[in-house]
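Before any comments, here is the structure.
The values are calculated or read from the model by the stated rules, or taken from the named source; none is laboratory data. Values in this document were obtained by computation on a predicted structure and should not be read as measured data. All Cβ positions, even for glycine, are placed from backbone atoms using ideal geometry, and neighbour counts span all protein chains on display. These area figures cover heavy atoms from the full protein model, side chains too; ligands, DNA and RNA do not enter into them. Shrake-Rupley method; radii C 1.70, N 1.55, O 1.52, S 1.80 Å.
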Amino acid sequence: MADQTRRRVLQSTGVALTAGLAGCSSDGSSGSSDGSSGDGADEESSGNDYEPVSFLETPGETPGDTEEMWEPFREHVRSAVPDAEFNVDFADNTSAIGQALINNQAEMTRSDIVLLANPEQIDVVGIVEEGGASVYFSALATLPDSDIEETTDIEGKTIAFADRPSTSGSLYPNYMLNQAGLDTGEAPYGDPVDYNGEWTGSHRNAVQTLINRDDVVACGCDIAVLLNHIPEDQWPDRVREGSGRWDDEVGTESPELQLVEASTSLPFSPIIARSNWEHPLRSDIEEAIVGIDDGTLREPDGDVANPLTAVTEASIDDYQPVIDVIDTLNVDLGQL
C-alpha cells in the first residue's frame, strides 16, 4: 500500500490535520487484507478537477493504528464514487473539528456535539452503527483498591475526563455525577463545585491519568476504553446486551479497573455535513456512506476494528437524550 500521507493546516483554528494512508498502490491494487486486487477506482487522481473532500475524525484510542482503522471506510467511498478525492483527515479534538466545518475547512465528520452546537449550519447524513448496535455507553471507573464504591464517593475528589465537549467522555460522566446529587457547577466548560475535574483530551488519556496519578480517584469516558479493563460480571445487562463492542476480550486487560456506574444508552454519533457544502458529487458521496451495511467494509489491517459497521438514516430528533443532558448541565454549546 503506497504511503501517501499528506498534511493540511486549518488557518482559522491553527490545527494540523494528518491524512490517512492512501488506499492503493500505483498498480491499482486495493491494499485489502485478503490481497484481492481493486479496479483502479481508488487512484488519487481521477482526471477531474473536483475539490478534495475532507472527512474529519479525532485520532483513535490506538493512535498508531488510526489510519488503518479508517482506511476501509475511505476505500469504500472512493470505490463507490471514483471521481471524488475523498480523504479521512484527523484533528486533535471535537472543538477543532467543529471550527473546521463551520469555517469551511472540512466537509464532513462524525459528531453529535458539532451537530447540536450548529443545527442551522449542519445536515444529518445518517447515524452510525457498531457491531449491529446503534447505541453506546459511557461509564465511571476507579481502581480496585479505591475507596470509591458509588458515584457519590467522588465528592471532594479528582476525576479525569476526556475532551470537554465529548458526549461519552465529559457530558455524560458529569451528568451521572449531577444525577447522583453532586453539584457540577460550570462543568464541563468551567469548574465543578463538589469535585475536581481534569480534562485530558482523550478517552485513553483519562484512563491512563486514573492509573498513573495518585490524586485522581476515577475517570469518566467511553466504555470502548474500559470494557477490557473491567471484569464482565460488573457490567449491567443493558451494556452486555446493547453494546456492539461486547466480545470475548471484556475484562481481560491489565491493569484491572472497577466499574462505578454505567450510563443509560446513548445514540451513536451521526455522520454530518456542513449545509453550505457545494460539490457536484455530494449526493453520491452521501448515498455511498448511507449505503454502508454489515459486511460492506473490509476488515482493517492491524489490530483494530472498523469504527463503524453500518450507517442508517437519522435526524436531529434522534439526539434528544443528548439534548436533555446538555440542558440539565446548562451547557452553552456556543463555547464549542
Legend entry - Evaluation of Gly181 against (1) open to solvent by 40 Å² or more (accessible area, probe 1.4 Å); (2) at pLDDT below 95; (3) small (Gly, Ala, Ser) (one fails), failing number: (2)
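Quick one: is Asn212 closer than 22 Å to Thr94 by Cα and either in contact with a helix residue (DSSP H, G or I) (Cβ under 8 Å, 6 or more places away or on another chain) or open to solvent by 60 Å² or more (accessible area, probe 1.4 Å) (or both)?
Numbers: closer than 22 Å to Thr94 by Cα: no; either in contact with a helix residue (DSSP H, G or I) (Cβ under 8 Å, 6 or more places away or on another chain) or open to solvent by 60 Å² or more (accessible area, probe 1.4 Å) (or both): yes.
Here the answer is no, as Asn212 does not meet what is asked.
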Inset, instruction - May I ask you to say which residue of Ala273, Ala218 is in a strand (DSSP E or B), farther than 27 Å from Ile154 by Cβ and open to solvent by less than 20 Å² (accessible area, probe 1.4 Å)? - result: Ala273
Legend entry - Residue match in region 61-78 (condition: of a type in the set (Gly, Ala, Ser) and closer than 28 Å to Arg204 by Cα): yes
Inset, instruction - Return only the number of the condition from (1) of a type outside the set (D, E, K, R); (2) without any contact (Cβ under 8 Å) to a residue 12 or more places away in the chain; (3) buried (at least 19 other Cβ atoms within 10 Å of the Cβ) that Gly190 does not satisfy. - result: (3)
Inset, instruction - Within region 228-241, identify whether any single residue is of a type outside the set (A, V, I, L, M), under 23 Å from Ile326 (Cα atoms) and buried (at least 16 other Cβ atoms within 10 Å of the Cβ), and answer yes or no. - result: no
Legend entry - region 29-78 - residue that is open to solvent by 60 Å² or more (accessible area, probe 1.4 Å) and outside any loop (DSSP other than H, G, I, E, B) and, of those, modelled with the lowest pLDDT: Ser37
Legend entry - Extreme residue, nearest to the chain's Cα centre (by Cα), among residues of region 153-168 that are outside any strand (DSSP E or B) and under 19 Å from Asp183 (Cβ atoms): Arg164
Inset, instruction - Quickly run through region 98-131 and pick out the residues that are assigned to a helix (DSSP H, G or I) and either open to solvent by less than 10 Å² (accessible area, probe 1.4 Å) or in contact with an Asp or Glu (Cβ under 7 Å, 6 or more places away or on another chain) (or both). - result: Gly98, Ala100, Leu101, Asp112, Ile113, Val114, Leu115
Inset, instruction - Would you confirm whether any residue within region 325-332 is modelled with pLDDT under 90 and not β-branched (Val, Ile, Thr)? - result: yes
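Quick check on my filter: what residues within region 278-293 are assigned to a loop (DSSP other than H, G, I, E, B), surrounded by fewer than 17 Cβ atoms within 10 Å (Cβ to Cβ) and in contact (Cβ under 8 Å) with a residue 12 or more places away in the chain? Give the derivation first.
If we filter region 278-293 for residues that are assigned to a loop (DSSP other than H, G, I, E, B), which is where we start, we get 278-281, 291-293.
Going one step further and asking which of them are surrounded by fewer than 17 Cβ atoms within 10 Å (Cβ to Cβ), we end up with 278-280, 291, 293.
Residues satisfying the conditions are His279, Pro280, Gly291, Asp293.
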